[in-house]
1. Please work out if G140 is out of contact with any Pro (no Cβ under 9 Å at 6 or more places or on another chain) and either open to solvent by less than 70 Å² (accessible area, probe 1.4 Å) or modelled with pLDDT of 95 or more (or both).
2. Take the residues in segment 68-93 that are of a type outside the set (D, E, K, R), in a loop (DSSP other than H, G, I, E, B) and open to solvent by less than 60 Å² (accessible area, probe 1.4 Å); name whichever of them is farthest from I121 (Cα to Cα).
3. Please go through segment 1-13 and pick out each residue that is within 20 Å of the chain's Cα centre (by Cα) and exposed (fewer than 14 other Cβ atoms within 10 Å of the Cβ).
4. I want to confirm something. Restricting to segment 94-130 and keeping residues that are open to solvent by 80 Å² or more (accessible area, probe 1.4 Å) and touching a residue at least 12 places away in the same chain (Cβ under 8 Å), which single residue is nearest to the chain's Cα centre (by Cα)?
Amino acid sequence: IPAIMRALEPLLDIPGAFIPGNNDYFRPKPKNPMRYFRPPQQHLGRPNLPWPELARAMGSGGWVDLTNHRAIVKVADAEVALGGTDDPFLDRDVYPLIAGPADPNAVVRIAAIHAPEPTLIQRFAVDRYDLLLAGHTHGGQVRIRSSQACRPRARERSRPQLVTIAGPNGMRTWPPCV
């Protein structure tokens, strides 16, 4: 944790926020990228990384922990509304804790989620967040020659859903790869 905080130190003067994901809770282990085509399996056990200590350190550095939490952050003289959830792939997201319209008086409303889970994207959109930042796609895509990229499957597999993704080539809408 001290090494992480030393690396983050130049950024801590800038207002910031964070949310955890599975690699903050569990040590990484080699995985087959084709597992995205198989039914999900959760055999992670208890978290084995010191996430609570890292969250406390980043919080004491001035950043806001958005783990199932909302906050207002001052940037210069402007207020920025923030909302975030924990990792939906670990079923740790608790959106009802932050549900409701984002602050309409904020200059911008930003949401953060670990993974682009369609249900959460929809909830943040309904609550009028202007920008949603999601991770978890870190190479977790498989591209078959002459086809579109397949993204990790959504948690809710019973309903086909369209996923809109913004990238360097603009906005695109795809069915989830299941």
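1. No.
2. N68
3. I4, L11, listed by residue number.
4. Across segment 94-130, the extreme among qualifying residues is R123.
The values are calculated or read from the model by the stated rules, or taken from the named source; none is laboratory data. On a predicted model such as this, the values are computed, not experimentally measured, just so you know. Cβ: placed from backbone, ideal geometry, glycine included. Neighbour counts: every protein chain shown. Protein only, heavy atoms only, side chains kept; ligands, DNA and RNA dropped before computing areas. Shrake-Rupley method; radii C 1.70, N 1.55, O 1.52, S 1.80 Å.
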